[in-house]
Amino acid sequence: MKGLNYKSIMTRVSNSFVVSSLMLGLVFGIFPENTLAGSCREANLCCPGRDSACVVQKASPNAIIEVPSDQPCYCDHACLKLGDCCHDFKEACGVVDCAVSAWGPWSTCDSECGPGAQTRSRLVERAAENGGKHCPQLVQHRGCQGTKCHRRNPKSALKEVALLLPAELSETRHVNDSNDIRSNLRLRYRDDPEHDPSKEYCVTFTVTKASKACYKETGLAALTEGAHVCVRCQTQALRFVLDWRCEGDGGAEAMITRWSMLSSAHCHGKWLRTSKTGPECDASACQPQPHFIFV
């Protein structure tokens, strides 16, 4: 007994007695089964709000050995937020969480041209009861972009001016293909009209009017009144805002529009559109090659 005082001895004895009592209670069922199980139903407890007295002890209050599973649990509605409910609290107290349906489809963009918004929603299938989880968000929004604004009236093409360059200069558009970033885009987005060679075409015109400056330059002999000319629309000149066509192509046959030669500042006039071809430019006026290109 050397080194131990009377108080420490009694403490050990007391603790041993408590542990022994707890073990006997577990073996012989002295403690109520509902207390050990932590059941609100068997303890006949269900309290509104926050009530610290609405507790189920799962082990003896005098036990000195305690594991997390021996912690008391509660049967008041505050346990839903505190996370210390007994396992059957919701069932015993009629607590029902809100249940919602799956998300519905996104609505159409509310803007036909430019930035807009789309929404989708879901329905409440079961409302929350007796303090259950509230319903989550029922409506979602996201941005969208309207694209119908790019579709113009064909008559607007009559107001366009075709800007031209000699067809020989078309090769300069491919000089930098080896180090131009656009060459990478053409390989990556082959189906995009902006980079799809199959979207190219030629348009033939009959010149109805030409300024005097056109006659002074030998390279512009094709731009004389009554002459038939062929102009190629290449991918670099396609305009998204014009529904992927070249500006100044006339829009439709039998339409008179204006043109201007960029390589000669004072050479301009009017012409009558006669036909449009595919990417092969197989019209007779386009052979052996087109006269000009759209810019």
Of the residues in region 134-169, those that are at pLDDT 75 or above and assigned to a helix (DSSP H, G or I) number 5
Review point. Residue check: is residue 243 of a type outside the set (Lys, Arg), closer than 15 Å to residue 160 by Cα and buried (at least 20 other Cβ atoms within 10 Å of the Cβ)?
Key: no
Counting only residues in region 73-90 that are within 41 Å of the chain's Cα centre (by Cα) and among the charged types (D, E, K, R), the one surrounded by the most Cβ atoms within 10 Å (Cβ to Cβ) is identified as 90
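The values are calculated or read from the model by the stated rules, or taken from the named source; none is laboratory data. Here the structure is a predicted model, which is why all the values come from computation and not from measurement. Cβ sites come from the backbone with ideal geometry, for glycine too, and all protein chains shown count toward neighbours.
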